[in-house]
Amino acid sequence: MLSRLPPVTQALLIANGVLFLLQLLLGHRTFDPFMLWPLAGFDPFSPGQNFQLWQLLTYGFLHADFGHLLFNMLAVYMFGAPLELTWGPRRFLAYYLICVAGAGLCQLAVGWWVTSAGGPAYPTLGASGGVFGLLLAYGMLFPNQRVMLLFPPIPMKARTFAIVFGAISLLLGFTGWQPGVAHFAHLGGMLFGWLVIRYWRGQPPFGRRRPPGGGGPSHLRRVK
């Protein structure tokens with residue numbers, strides 16, 4: 001099944017799986033320097049439990065447990081492959097990594113606010129920021145494609161699916177009903193994904209809106 005996937009989607013699945021096995025074999029603490037730590041206590045000469053620049057990407061390839069990994073990789077499999085086939089490998093990889101880094105920046109802002117208020121400093125890990133970026137892109141490029149919720153199994157349009165998950169993350173982030181989950185990182189992945197697509201399309205805030213039928217790039221058009 002993996003051999004039939006486009007190359008970047010395949011590589012993302014393999015990389016996340018291999019790193020999770022290494023986490024199990026070597027222990028999660030071994031990977032502390034690669035998790036995303038809050039800005040409080042930043043020390044550029046000590047790569048332990050404090051923020052380092054590379055963590056904005058590396059945290060997106062680590063996971064807390066098998067369920068965390070399974071959910072994220074299922075989403076990469078479902079949404080990543082059609083997006084990579086539409087955009088091509090380079091553009092797809094750039095989009096995914098920008099979403100991961102953008103989600104990390106949003107989480108750093110939230111973490112700074114929490115630690116400034118006296119809250120605990122804890123690391124963030126997982127591909128969810130990139131996954132929510134993929135979900136946003138899929139909803140924008142394939143808005144009428146039917147997708148199915150797992151629990152409960154309810155079919156809905158991809159555009160509705162993206163809006164529902166974004167709204168749930170926003171609600172849980174502000175209410176704190178699901179602690180221990182970086183909901184604002186999810187929203188950050190969607191925000192940066194939206195900005196990237198707007199930039200590629202030459203739409204505000206990056207340029208003038210193209211007129212209908214204005215000949216925009218075919219790989220960014222909506223697919224009905």
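The figures follow:
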item	result
Matching option when the condition is surrounded by 19 or more Cβ atoms within 10 Å (Cβ to Cβ), modelled with pLDDT under 90 and farther than 23 Å from Trp87 by Cα, among Phe184, Phe174	Phe184
Residue check, Gly139 under 18 Å from the mean Cα position of the chain (by Cα) and either more than 20 Å from Gly60 (Cα to Cα) or at pLDDT below 70 (or both)	yes
Helices (runs of 4 or more DSSP H) contained entirely in the stretch 65-167, each with at least 2 residues that are in contact with a Gly (Cβ under 7 Å, 6 or more places away or on another chain)	66-75, 89-116, 128-141
Yes/no for Met78 being in contact with a helix residue (DSSP H, G or I) (Cβ under 9 Å, 6 or more places away or on another chain), surrounded by 19 or more Cβ atoms within 10 Å (Cβ to Cβ), of a type in the set (A, V, I, L, M, F, W, C) and within 16 Å of Gly130 (Cβ to Cβ)	no
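The rows are residues; the columns are (1) within 20 Å of Gly126 (Cβ to Cβ); (2) modelled with pLDDT of 95 or more; (3) surrounded by 20 or more Cβ atoms within 10 Å (Cβ to Cβ).
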position	(1), (2), (3)
Ala11	yes, yes, no
Leu19	yes, yes, no
Leu25	yes, yes, no
Gly41	no, no, no
Arg90	no, yes, no
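The values are calculated or read from the model by the stated rules, or taken from the named source; none is laboratory data. Given the structure is predicted, the values throughout are model-derived calculations rather than measurements. In this analysis, Cβ positions are derived from the backbone assuming ideal geometry, glycine residues included, and neighbour counts consider all displayed protein chains.
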